[in-house]
1. In the stretch 125-156, how many residues are outside any loop (DSSP other than H, G, I, E, B) and open to solvent by 60 Å² or more (accessible area, probe 1.4 Å)?
2. Take the residues of the stretch 111-124 that are of a type in the set (Phe, Trp, Tyr) and more than 25 Å from Ala504 (Cα to Cα): which is surrounded by the most Cβ atoms within 10 Å (Cβ to Cβ)?
3. Tell me, yes or no, whether the stretch 95-110 has at least one residue that is touching a residue at least 40 places away in the same chain (Cβ under 8 Å), surrounded by fewer than 21 Cβ atoms within 10 Å (Cβ to Cβ), aromatic (Phe, Trp, Tyr) and more than 12 Å from Ile174 (Cα to Cα).
4. Mind checking which residues of the stretch 34-65 are modelled with pLDDT of 85 or more, aliphatic (A, V, I, L, M) and either in contact with a Pro (Cβ under 8 Å, 6 or more places away or on another chain) or open to solvent by 10 Å² or more (accessible area, probe 1.4 Å) (or both)?
5. May I ask you to list the residues in the stretch 381-430 that are open to solvent by 40 Å² or more (accessible area, probe 1.4 Å), under 30 Å from Val70 (Cα atoms) and polar (S, T, N, Q)?
6. Which one of the conditions (1) charged (D, E, K, R); (2) modelled with pLDDT under 85; (3) part of a helix (DSSP H, G or I) does Lys257 fail to meet, given that it meets all the rest?
7. Quick check on my filter: what residues within the stretch 526-538 are open to solvent by 10 Å² or more (accessible area, probe 1.4 Å) and under 11 Å from Arg86 (Cα atoms)?
Amino acid sequence: MGSQGEERALLEEGLLQDEGNGLYTGDGSVDIHGKPVLKRNTGNWKACPFILGTECCERLAYYGIATNLVTYLTKKLHEGNVSAARNVTTWSGTCYLTPLIGAILADAYWGRYWTIAVFSTIYFIGMCTLTLSASVPALKPPECFGSECPSATPAQYAVFFFGLYMIALGTGGIKPCVSSFGADQFDDTDPGERVKKGSFFNWFYFSINIGALISSSFLVWIQENAGWGIGFGIPALFMGLAIASFFAGTSLYRFQKPGGSPVTRMSQVLVASCRKWNQEVPKDSTLLFETQDKSSAIEGSRKLEHSDELECLDKAAVITDSETNSGDFSNPWRLCTVTQVEELKILIRMFPIWATGIVFAAVYAQMSTMFVEQGTMMDTSIGSFTIPPASLSTFDVISVIFWVPVYDTVIVPIARKFTGKERGFSELQRMGIGLFLSVLCMSAAAVVEINRLQLAKELDLVDKPVAVPISIFWQVPQYFLLGAAEIFTFIGQLEFFYDQSPDAMRSLCSALSLLTTSLGNYLSSFILTVVTYFTTQGGKPGWIPDNLNEGHLDYFFWLLAGLSFLNMLAYVVCAKKYKQKLAS
């Protein structure tokens, strides 16, 4: 008993020191055993190399599959262009939909660390299954014999897509948690660490693209020249390295305690506000229900200040006479705190900003589908060396790798002088610039396709499914513009959904930002389906036939450019109306 009392006294003394001189973190971080952590020994950039290493290896594994997947489906499983593109975008969309599962588990029950650990194992199993499906002759269809290309059997499809969708499930626990877990290593209550967190998101995205660079160059070449078995096996190996890197940094990590189910808390606000629909909200917001403690009633969350919009939800925090007389304020299905109400308000305020990311994600989806198919119909040779069309995505990655350090070390300091913001641009400004660049990207792709089709017509190649003698390097500008757009939009989204989310809902909000990518892929599939349906009426080849020389892929790119422009205008309106989160 004596030793326990001394330990408690030391702990209380340590917490007092935390408030007094900053030895301990001020954001409620703990170590893996649940004890308060010393700033000098944990988190910050000391912990980040392990997290960045994990992300780099995991993204290498993911893009090792995703970058050239459309080629595998067309050349090895013998699918048509539209079917292969639809399968790729549907799978990619699922990879960005499953994070909702991982996010809810992380925020409510397991915490980000254990969620990453469990789902990484699932991911690794999927990678191994995919490798087997491409290696074992019985698990893949025979090669084409002349013009005869045997279709894959249902069993072969089943094994391949089982592995593919196990990977999709595995990403569900990693993607919404790794960026948030990395940002958790920086104390929000420390101004110095808060600035470093802005840099972390830039370098986090940089590490993603280092992995993508290796995948889109070296691994694509391996897949098309050394075989798909080894081409899928190497990503599986790197997924194993990702797991090892993650566990290696355990002693240095800062952990945030899970705050309970965010879905339950939001449901409680809706139910409580409906029950008190006839109650009048007091003009003095201090009369609304809130805990008297320094911290909020939600584990691991700061209190949120009351906002004046969406007043109907404030009814959930109105204290009725019966509750005052009984003194019972413990039923959250009848009475919610202001912080709990504000959590739901924040999500509702975020929704218009979130929705505008869907069209951008549809544009981004073209890099692994229509850009690749466009490249297959261009001259891919440099002397005796042939460039796999999917390798052109290397230029998108190079663009990202170029822009991240330039943005962090050059653009931010210059922008800071003009805007006065510690990160140069606000998250909203950053995303807006990216949306503008996406319009230029699709316009550049359309111009390249116009020139390619014009040359095909001049050389009488319209009816022949052969590559047109125009260098594939004409695609470089569209990839470079897309990379620049990513730096602004995707990293801006990471920052926005982390900083503006309630403390106990950060994994969920990261998952919601990823959901835009999912819906963007589904939107791309939907647009492809609609375009194919309407443009093939009356026996016409349509915009996107198997022989692109007799199609009009340029019209498809112009359609996406127009949608991107309208989306950008809608975003500007929504961004001007957005109100920032206020936390105590």
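1. We begin by selecting, within the stretch 125-156, every residue outside any loop (DSSP other than H, G, I, E, B); these are 125-135, 137-139, 145, 148, 154-156.
Right, trim to open to solvent by 60 Å² or more (accessible area, probe 1.4 Å) and you get 125, 132, 137-138, 145, 148, 154-155.
So the answer is 8.
2. The first filter runs over the stretch 111-124 and keeps only residues of a type in the set (Phe, Trp, Tyr), leaving 113-114, 119, 123-124.
This time we only want the ones that are more than 25 Å from Ala504 (Cα to Cα), so: 123-124.
Values: Tyr123: 27, Phe124: 20.
Among them, the one singled out is Tyr123.
3. There is at least one residue in the stretch 95-110 that is touching a residue at least 40 places away in the same chain (Cβ under 8 Å), surrounded by fewer than 21 Cβ atoms within 10 Å (Cβ to Cβ), aromatic (Phe, Trp, Tyr) and more than 12 Å from Ile174 (Cα to Cα).
4. If the condition is that a residue be modelled with pLDDT of 85 or more, aliphatic (A, V, I, L, M) and either in contact with a Pro (Cβ under 8 Å, 6 or more places away or on another chain) or open to solvent by 10 Å² or more (accessible area, probe 1.4 Å) (or both), then Leu52, Leu60, Ala61, Ile65 are the ones that fit.
5. Ser381, Ser384, Thr386
6. Against the list (1) charged (D, E, K, R); (2) modelled with pLDDT under 85; (3) part of a helix (DSSP H, G or I), Lys257 comes up short only on (3).
7. Going through the stretch 526-538, the residues open to solvent by 10 Å² or more (accessible area, probe 1.4 Å) turn out to be 526-527, 529-538.
Answer for the stretch 526-538, where residues must be open to solvent by 10 Å² or more (accessible area, probe 1.4 Å) and under 11 Å from Arg86 (Cα atoms): Phe526, Ile527, Thr529.
Condition check ((1) loosely packed, with under 15 Cβ neighbours inside 10 Å; (2) among the basic types (Lys, Arg)) across all residues:
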site	(1), (2)
Lys315	no, yes
Asp321	yes, no
Asp328	yes, no
Leu335	no, no
Thr356	no, no
Ala361	no, no
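The values are calculated or read from the model by the stated rules, or taken from the named source; none is laboratory data. Owing to the predicted nature of the structure, the values given are computational and were not obtained by experimental measurement. Cβ atoms come from the backbone with ideal geometry, glycine included; neighbour counts cover every protein chain shown. Ligands, DNA and RNA are excluded from the accessible area calculation, which covers all protein heavy atoms including side chains. Shrake-Rupley method; radii C 1.70, N 1.55, O 1.52, S 1.80 Å.
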